[in-house]
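Student: Just passing along the structure, written as structure tokens.
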Amino acid sequence: MSEIYLNVVDHKGAEHRVEALEGWRLMEIIRDWGLGVKAECGGACACGTCHVYVDPAFSELFQPPSDEELDQLDALPGVTAQSRLACQLLMRPECDGMTVRLAPGSEVDQVAA
């Protein structure tokens, strides 16, 4: 099994290259590496505090957002065409080298919008 890496741009703009496991949610990977994502609901698509911006070159590798995910995104500030909830995205070998940016409001010390 080959190694898979994810690039995460944190809230301060620093880029971190972290090893990722196939089949894991991006939210879990980001949280487990201690990169400061709130992920308040633990991956239940119920809070929007794992909001990230996905590199457009990789966005087609994921299923389109569900209605539930879209409802959560609608309530968040700073949503763009590249916005996704990291709890809804599973890491795959094809995602090796992908960059995601942590969105405003997903900081551990921030109150949810």
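Student: Tell me the relative contact order for the chain as a rounded percent, counting alpha carbon contacts under 8 Å between residues six or more apart.
Tutor: Numbers: 229 pairs, mean separation 43.9, N = 113.
Reported relative contact order: 39 percent.
Student: When the Kirkwood radius is taken over all Cα pairs of the chain, what Stokes-Einstein diffusion coefficient follows at 25 °C and 0.890 mPa s, in µm²/s?
Tutor: On the way: Rh = 13.7 Å.
The calculation lands on 179 µm²/s.
Student: Also: Sum -39500 (n - 2.57) across every DSSP H segment of at least 4 residues in the chain, then divide by the residue count to get the 222 nm mean residue ellipticity, nearest 500. Don't jump to the answer; show the numbers that get you there.
Tutor: Values: 2 runs with 15 residues, N = 113.
About -3500 deg cm²/dmol.
Student: Turning to a different aspect of this structure: Considering the chain as a Gaussian network with a 10 Å cut-off on Cα pairs, which listed residue, GLU28, GLU40, GLU68, attains the greatest mean-square fluctuation?
Tutor: Most flexible of the set in this elastic network: GLU68.
Student: Taking a Cβ-Cβ separation under 4.7 Å as the criterion for a possible partner, which cysteines of the chain have none?
Tutor: Within the chain, the cysteines lacking a partner Cβ under 4.7 Å are CYS45, CYS50, CYS87, CYS95.
Student: Further question on the same structure: Say we join alpha carbon atoms closer than 10 Å with springs in a Gaussian network model of the chain; which of VAL100, VAL37, VAL79 then has the biggest fluctuation?
Tutor: Greatest mean-square fluctuation among the candidates belongs to VAL79.
Student: 5 Å is the cut-off here: which amide hydrogens, built 1.01 Å from N in the peptide plane, fall below it relative to ALA20, excluding neighbours closer than 5 in sequence?
Tutor: Here ILE4, TYR5, LEU6 satisfy the definition.
Every number here is computed from the coordinates shown, using simple stated rules; none is lab data. This structure is a prediction, so every number in the text was calculated from the model and none was measured. Using ideal geometry, Cβ is built from the backbone for each residue, glycine included, and neighbour counts are taken over all protein chains shown.
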